[in-house]
1. Could you please give the count of residues in segment 127-142 that are in contact with a helix residue (DSSP H, G or I) (Cβ under 6 Å, 6 or more places away or on another chain) and among the β-branched types (Val, Ile, Thr)?
2. Could you grab me the full set of residues in segment 32-67 that are closer than 19 Å to residue 17 by Cβ, assigned to a helix (DSSP H, G or I) and of a type in the set (Asp, Glu)?
3. How many of the residues making up segment 109-119 are more than 17 Å from residue 256 (Cβ to Cβ) and in contact with a strand residue (DSSP E or B) (Cβ under 6 Å, 6 or more places away or on another chain)?
4. Which condition does residue 100 not pass, out of (1) of a type outside the set (A, V, I, L, M); (2) assigned to a helix (DSSP H, G or I); (3) farther than 18 Å from residue 248 by Cα, if it passes all the others?
5. Considering every residue within segment 66-79, establish whether at least one is touching a residue at least 12 places away in the same chain (Cβ under 8 Å) and under 16 Å from residue 128 (Cβ atoms).
6. Would you mind stating whether residue 94 is closer than 21 Å to residue 134 by Cα, among the small types (Gly, Ala, Ser) and either at pLDDT below 95 or part of a helix (DSSP H, G or I) (or both)?
7. Considering each of 176, 164, 216 in turn, give the residue that is in the same structural domain as residue 121 (by TED's automatic domain parsing), in contact with a Ser or Thr (Cβ under 8 Å, 6 or more places away or on another chain), at pLDDT below 80 and over 24 Å from residue 52 (Cβ atoms).
8. Using the structure shown, decide if residue 210 is assigned by TED's automatic domain parsing to the domain that holds residue 92, modelled with pLDDT of 90 or more and either aliphatic (A, V, I, L, M) or in a helix (DSSP H, G or I) (or both).
Amino acid sequence: MDKYETVKKIAKGGFGTTILVKSKQQYVIKEIFISRIIAEERQKAQQEVEVLSNMSHPFIVQYKESFEEGDCLYIVMDYCEGGDLSKKIESQKGKLFSEDQILDWFVQICLALKHIHDSNILHRDIKPQNIFLTKDGTVQLGDFGVARVLNSTEELATTGIGTPLYFSPEIWKHKPYNNKSDIWALGCVLHEMCTLKPADCSKMDLEQKLISGSYPPVSDHYSQELCSLLAQLLKRDPEERPSVSSILDKPFLSCRILKFLTPQGQSETLMISEEKTQKRLEEPKGPLTTSTSGAESGYGTKETDNTVCDIGG
């Protein structure tokens, strides 16, 4: 820790502290007291290090390094100056976000989640407190302390850990679950961005409401497309919830993706689009069709003829 200068403590939990430090630039360090925790919790801490060290994505909190010193494990990550989404929601003081803002954040969260799910990893604790914002408002998904890697896309997790407010019905029912449980939590986050309120009730009432799929309606300030998407994410049957790739394939979301790609990603996507356009021009005239370009671009995007989308911030 000698090379890092402590700026302030950000948060304190049962097993450690989150500290803002600086060394040429500012970082966040998770200080985990490994000597005080049981073997299971120590394994979770080591797991977070392993997961973070293998994650490299523009919308996932960037891992820098980790080390043990004395009785502590230190995990060093990039600092997100914009705080977390929960604090951003609170700061609105009841003033609804624009739909553009919500969808911009939502697409970035989905792109991060797609990267995780494509690696056969469940996050298992998606909530506004684990979604961070940089100074310019870019999303950074973090806190993989309860994430787990699945041996295959068919394997189901059985341990109900995370935050009860965002538990899927299958977790409440103590049933095995897969990445569709993350999709439920994603729906809870989207609902919270639209209403500025999490579910607020006792644990027993919360469990019954979530199992029954009951949640307050969102304002008619938002489009039917957004409301329909929310209903799909919060389906009680996990098989009826969409995958994150199919979410990103929806035209009103896929047309926003380009603005968040790196210049290289933009060039590749534009080149694919130009090639497809040229090919269609060379083909005999026929009815307009919709073609999927997700496999080629790697972001689950869809190229749709005659699709118009306002992606203003």
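The values are calculated or read from the model by the stated rules, or taken from the named source; none is laboratory data. Predicted model only: the values in this text are computed from it and were never measured. Cβ: placed from backbone, ideal geometry, glycine included. Neighbour counts: every protein chain shown.
1. Adding up the residues that qualify gives 2.
2. The answer is 41, 48.
3. Looking only at that region, the number is 0.
4. So the condition that residue 100 fails would be (3).
5. For segment 66-79, residues touching a residue at least 12 places away in the same chain (Cβ under 8 Å) and under 16 Å from residue 128 (Cβ atoms): absent.
6. Taking the combined requirement at face value, the residue does not satisfy it.
7. Selected residue: 216, the only one of 176, 164, 216 that is in the same structural domain as residue 121 (by TED's automatic domain parsing), in contact with a Ser or Thr (Cβ under 8 Å, 6 or more places away or on another chain), at pLDDT below 80 and over 24 Å from residue 52 (Cβ atoms).
8. no
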